[in-house]
Each structure stands twice: as C-alpha cells, then as structure tokens.
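Take a look at the structure below.
The values are calculated or read from the model by the stated rules, or taken from the named source; none is laboratory data. If you're wondering where the values come from, they're calculated on a predicted model, not measured in any experiment. These area figures cover heavy atoms from the full protein model, side chains too; ligands, DNA and RNA do not enter into them. Shrake-Rupley method; radii C 1.70, N 1.55, O 1.52, S 1.80 Å.
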Amino acid sequence: MKKVKIYTTPYCPFCIKAKKLLTNKKINFNEIDLSEYPEKLDEMIIKSNGAKTVPQIFVDNTHIGDCDYIHELDNKGELDKILGI
C-alpha cells in the first residue's frame, strides 16, 4: 500500500472533500493539520513547489496536488493507478 499524506486545516471544505474521496476509496492517509503543526507549513510549501493552499496531497512523497486535481484525476480514472488500487 502506498503512503498518502495530506496537509489540511480544520473546517476547510476542500480538505473535507479530499479526505472524503480518499476515505471512500478506503485509503489510509496521514493527515497533517497545519493549525496543530504550523511549523509544517514551510515543509508543505517546499515539497509542493510553492503551493500555499490546503489541502496538498502526496503519495509516496510525490506531490499529487490539491482537492480539485485529485478529483480530476479520479474522474479520468487515473487516481486509482497513482494510489495503487
């Protein structure tokens, strides 16, 4: 199983939507809540090549993108391949 990491903040509707998609696919993920760990913001920005919005999703340390992008990948049938399911 691939390791999925998602950077979030509470009550972010895009974060909730992205987590729901992953949960519906029965994907376990490591959530990093930036309100609890604000020091992780710089880490996220560096790993995502400058993206400052949440959520930002990574699979096996590869930046996949934000909520809109993972839904776009899912609609194209490409997300399952990336997730290894």
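Here are a few things to note about the model shown:
- Global geometry of the stretch 1-44, whether rounded, prolate or oblate, following the gyration tensor of its Cα atoms and the 1.5 cut on a/c: oblate
- Cα centroid separation - the stretch 1-37 against the stretch 44-85, whole Å: 11
- Summarising the strand pairing of the chain, around 65 percent of its internal DSSP beta bridges are antiparallel.
- Span-like helix check, the chain: no full DSSP H segment qualifies, none having both a Cα axial length of 24 Å or more and a mean Kyte-Doolittle of 1.6 or more.
- Put simply, the convex hull of the Cα atoms in the chain casts, on average, a shadow of 5.0 nm².
- Accessible area of the stretch 22-85 belonging to carbon and sulfur atoms, whole % at 1.4 Å probe: 46
- Taking amide hydrogens as placed 1.01 Å from N in the peptide plane, the amide H of Thr8 sits under 5 Å from those of Ile32, Asp33, Leu34, each at least 5 positions away in sequence or on another chain.
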